[in-house]
Amino acid sequence: MDESQLTIVVPVFNEEQIIRETYRRIHNVVNQTPHEIIFVNDGSTDHTLEHLADIALKDPRVKVISLSRNFGHQLAVTAGLNYAKGDAVILMDADLQDPPEMIPQFMETWRQGYDVVYGIRRHRAGESPLKRFTAFAFYRLLRHLSEVDVPADVGDFRLMSRRIVDMLNNMPEQHRFIRGMVSWVGFRQIGIPYDRDSRFGGESKYPFHKMWRFSLDALTSFSVEPLRWVRRGALAVSGLAFLASIWLIRQKLAFPHSLVLGWTSTMVTMLWLGALQLGALGIIGEYLARVVEQGRQRPLYVVAQTINVDDDEKSMSPPYPGERRTDKRGHAVDFDRNSVL
Ligand code: UDP
Ligand code: MG
């Protein structure tokens, strides 16, 4: 075994029922390897943080980054990546849907010279048909529209080399679709199929509205194709409107005195035009909202406290947007470990 260090990043949101089991399973796999496990507590409102603090107390290789509120899975992962020091970094969910036992295989492939080793979900146990269908459709649509090649049925369960993580840490986007960003970086990437287990315990923390936001982020970050639909739609409708006007004027000239009960045609035209305009505005609005939010240059997340993390550790990883390394303006208030307990 060489001395390269491994970091495992695990975002955690209200997982008090399973977090100890998650730790135990990961620990069993990586015990013999130099490693750190970074749990990012994403504003849990249950006893997750107490469990994490307790685990970290007994195992100094466990680090806890606790965010000031729920920032969402992708930002929690981002925080973990900012703190990760490993030569290889593994992302995995806390619910054991992604088996930690795959880690050695990921590392083996990484040693063969791959920069990214991701898991391809072959089966998805214990997920509703609706979730499976929406996921299926989402990945296909994204692949169809996206400017970079984002592999289908691939989640965030993956190993990334140091240089990939460094690149991600330097990408300032606020709406982060991490797996797309990883594809964007490039280098040698490879997938390994695996069967996705059902959740070890607890409920999915991804209700429909979060999934919806997530897919909008993915689509708007990796495709401007919907903006082109607006233009094409506008063009098509203008064409139709032009032809229709010619026809209407001709009718009027041919039968000047006939009584035209134009209500139906008027309503139909109005409704369709209205729908199209609103739809187009909606799409433009989605992109515009992202421009506005990016323009604000806010930090991506706020750290409330850390456990087993040295003060200078964060600054060893590249900064995130808006961060000044000299002063810790606005983001990191590091209490000592005792304040958790
Ligand atoms: N998670 C998080 N913040 C959130 C939602 C989820 O950190 O706002 C974590 C959660 O604890 C889990 C991972 O992200 O470790 C994936 O969430 P989940 O298993 O609920 O998603 P699903 O597998 O159902 O898509
Ligand atoms: Mg899950």
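The values are calculated or read from the model by the stated rules, or taken from the named source; none is laboratory data. Values in this document were obtained by computation on a predicted structure and should not be read as measured data. All Cβ positions, glycine included, derive from the backbone under ideal geometry; neighbour counts span all protein chains shown.
Here is how the numbers come out for the structure above:
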| quantity | calculated |
| --- | --- |
| Test: residue in segment 117-136 that is closer than 19 Å to Ala84 by Cα, away from ligand 1 (no atom under 16 Å from the Cβ) and within 16 Å of the chain's Cα centre (by Cα) | no |
| Test: residue in segment 66-78 that is within 11 Å of ligand 1 (Cβ to nearest atom), small (Gly, Ala, Ser) and part of a helix (DSSP H, G or I) | yes |
| Restricting segment 179-190 to residues that are buried (at least 18 other Cβ atoms within 10 Å of the Cβ) and not aliphatic (A, V, I, L, M), the residue that is nearest to ligand 2 (Cβ to nearest atom) | Arg179 |
| Filter result for the condition that a residue is surrounded by fewer than 21 Cβ atoms within 10 Å (Cβ to Cβ), in a helix (DSSP H, G or I) and within 16 Å of ligand 2 (Cβ to nearest atom), over Met102, Met107 | Met102 |
| Boolean, Ile8 is modelled with pLDDT of 95 or more and in contact with a Gly (Cβ under 7 Å, 6 or more places away or on another chain) | no |
| Subset of segment 17-37 that is without any contact (Cβ under 8 Å) to a residue 60 or more places away in the chain and part of a loop (DSSP other than H, G, I, E, B) - its residue that is nearest to ligand 1 (Cβ to nearest atom) | Asn31 |
| Helices (runs of 4 or more DSSP H) wholly inside segment 160-277 containing at least 1 residues that are within 16 Å of ligand 1 (Cβ to nearest atom) and in contact (Cβ under 8 Å) with a residue 60 or more places away in the chain | 178-185, 208-222 |
| Among the candidates Asp153, Asp93, residue that is within 16 Å of ligand 2 (Cβ to nearest atom) and in contact with a Pro (Cβ under 8 Å, 6 or more places away or on another chain) | Asp93 |
